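Down below is the structure, laid out as structure tokens.
The values are calculated or read from the model by the stated rules, or taken from the named source; none is laboratory data. If you're wondering where the values come from, they're calculated on a predicted model, not measured in any experiment. Here the Cβ is made from the backbone with ideal geometry for all residues, glycine too, and neighbour counts use every protein chain on show. Only protein heavy atoms, including side chains, enter the accessible area calculation; ligands, DNA and RNA are left aside. Shrake-Rupley method; radii C 1.70, N 1.55, O 1.52, S 1.80 Å.
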Amino acid sequence: MNKTIFERIIDREIPSSIVYEDDAFIAIKDIAPKAPVHLLVIPKRLSTRLDEIEDVQDMGQLFLTATKVARQHLGDYRLVVNVGKGGGQEVFHTHVHILGGWADGAALHDIV
Ligand code: 5GP
């Protein structure tokens with residue numbers, strides 16, 4: 001099966017700006033940011049959409065990681081998950097969007 005674009009990023013076949021990584025997750029800067037700060041938290045284990053994750057540990061770890069990464073860079077922020085084509089999902093590899101920087105002046109280029 002063809003790899004998703006995020007699997008190719010995880011496997012370093014496509015370059016990206018990685019802001020966080022551990023055994024189970026990677027967080028990258030979104031290539032087309034919709035906010036001053038726009039990051040994506042991506043589980044390395046492939047599921048195509050959020051509601052495919054049935055394990056409470058996996059679901060909890062995803063949101064714990066998203067809040068941890070968000071708090072490293074932002075005071076207040078928005079977490080968004082698009083689920084399915086009708087929900088605005090374009091990449092079918094589960095991910096959480098972190099959006100912020102409107103109020104506290106944070107910007108993507110400040111994040112290394
Ligand atoms: P979705 O609409 O599936 O929830 O969000 C997919 C996100 O992935 C979009 O915000 C889009 O800009 C981002 N994206 C798509 N391709 C790439 C890529 O190659 N690199 C990075 N960093 N982000 C990407």
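Quick one: which of Val81, Val69, Val41 is within 15 Å of the ligand (Cβ to nearest atom) and free of Cβ contacts under 8 Å to residues at least 40 places away in the same chain?
The match here is Val81.
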task: Could you tell me whether Pro15 is touching a residue at least 24 places away in the same chain (Cβ under 8 Å), within 12 Å of the ligand (Cβ to nearest atom) and open to solvent by 60 Å² or more (accessible area, probe 1.4 Å)?
output: no
task: Filter segment 82-112 for residues that are open to solvent by 40 Å² or more (accessible area, probe 1.4 Å), under 19 Å from Val19 (Cα atoms) and in contact with a helix residue (DSSP H, G or I) (Cβ under 9 Å, 6 or more places away or on another chain) and give the result.
output: Asp110
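Does Glu54 fit the bill of being more than 10 Å from the ligand (Cβ to nearest atom), open to solvent by 50 Å² or more (accessible area, probe 1.4 Å) and out of contact with any helix residue (DSSP H, G or I) (no Cβ under 7 Å at 6 or more places or on another chain)?
yes
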- prompt: For Ile26, all conditions in the list (1) in contact (Cβ under 8 Å) with a residue 24 or more places away in the chain; (2) aliphatic (A, V, I, L, M); (3) within 25 Å of Ala106 (Cβ to Cβ) hold save one; what is the number of the exception?
  reply: (1)
message: Considering only segment 42-51, I want to know if a residue exists there that is surrounded by 14 or more Cβ atoms within 10 Å (Cβ to Cβ) and within 10 Å of the chain's Cα centre (by Cα).
response: yes
